[in-house]
Amino acid sequence: MYVDGVKGLPSDWININKADYKVAFPKWGGILQFMPATHPDSIKGPNCGAMLFDEIGIIPKDSFLFAISRARHPDAINKQIICVGTPEGTASADAPKGWHYEVLVVGPQSKECSVYYGKTEENLQKNGGFLRNDYIDMLRSIYPEQMLASYLEGKFVPLASGRVVNLFDRTRHLKSGLKYRPGVPLWIGMDFNVIPMAATVSQYDGRVVRYLKSYEMRYFQDSVSPLDGLCQAIQKDFPQYATVFPDATGNNRDYRSTLTGFSIIRQYFGADSIRSPGKNPPVLRRIMTTNKMLEQNAIEIDKDNCHHIIKSFEGLTYVEGTQDIDKKSGFDHIFDAATYKLDYNFGKTRPETAKVVAWL
């Protein structure tokens, strides 16, 4: 709970209760209550004078609807709901630009709303802000146009609807006869599961990541662990030195083995072969990086040896009305194996972005 900003007040003005996530102001008889808005049920119950949502773009619609019924304290002079965040709403069939747009901007309730837009450009140092002047150029180099419209200009665009890898195009990105090129770094991406074990093999020449082959292995000999079987299959096809970008959970013990996944990988590809952060990178960041590289034609995929990647890029979708990937299809495993390496080498952290502030 972020209460450092009020600790400088006189002690009889404030009472902080971290256990209940409350800050009381005895002098005025008011209470500031913190609640997890991603869980709508947590909002049921209290009568509030005003409610504020931070990062409204990732909050469920039900949370907002419950808030309308709770901002009703009889002693409140100005009952209101304040929403702040980047307009990165998830889309659904009845709300193509996200529920936030339908409710706050064009829906019947919008008549009772005041919406204020702020652009990232206004926060550059040359304009009196705190962001360095080349910040926008950096964002343009890594994010797709649709995302830039939301993050830089505060426009309502559906960032999570339909296909996850929505900029993949067979005519632009599929190639025939991609072969191993001596002297060009060989990259292997791996996702750890019991079934399937997924991997992708690619090369990067300084301009384009070329996917040469993908693997989804479901059956192994009884004497071989799944990861051993996967490593053996890759080494048979690509005996050259390779850098491996695995699932960060590989530091755990492998199924059917006394060794960790990373230890098994090092036995096959070398002691210095692994590049992995302490934990897996955010899915949204990997999606952004992948789509941006596809937009820039910086990804090529062998159409004959990468069927798993093609199926994943074409078939992986969002759960309707959310920013969550629909994992029922099973396409997420090969997506992970294909994108860990992209994030490690090209991904950037989520930027400070344009905000939309709405008062209801």
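Here the range 243-261 is the region considered, the condition is being within 18 Å of Asp343 (Cβ to Cβ) and not in a strand (DSSP E or B), and the residue that is modelled with the lowest pLDDT is Asn251.
Selection of the range 8-46 for residues being out of contact with any Lys or Arg (no Cβ under 9 Å at 6 or more places or on another chain), surrounded by 14 or more Cβ atoms within 10 Å (Cβ to Cβ) and of a type in the set (A, V, I, L, M) yields Val23, Ala24, Met35, Ala37. Among the residues of the range 262-283, just one is part of a loop (DSSP other than H, G, I, E, B), surrounded by 13 or more Cβ atoms within 10 Å (Cβ to Cβ) and more than 29 Å from the chain's Cα centre (by Cα), namely Gly270.
The values are calculated or read from the model by the stated rules, or taken from the named source; none is laboratory data. Note that the structure is a prediction, hence the values are computed from the model and not measured. Note: ideal-geometry Cβ built from the backbone for every residue, glycine included; neighbour counts use all protein chains shown.
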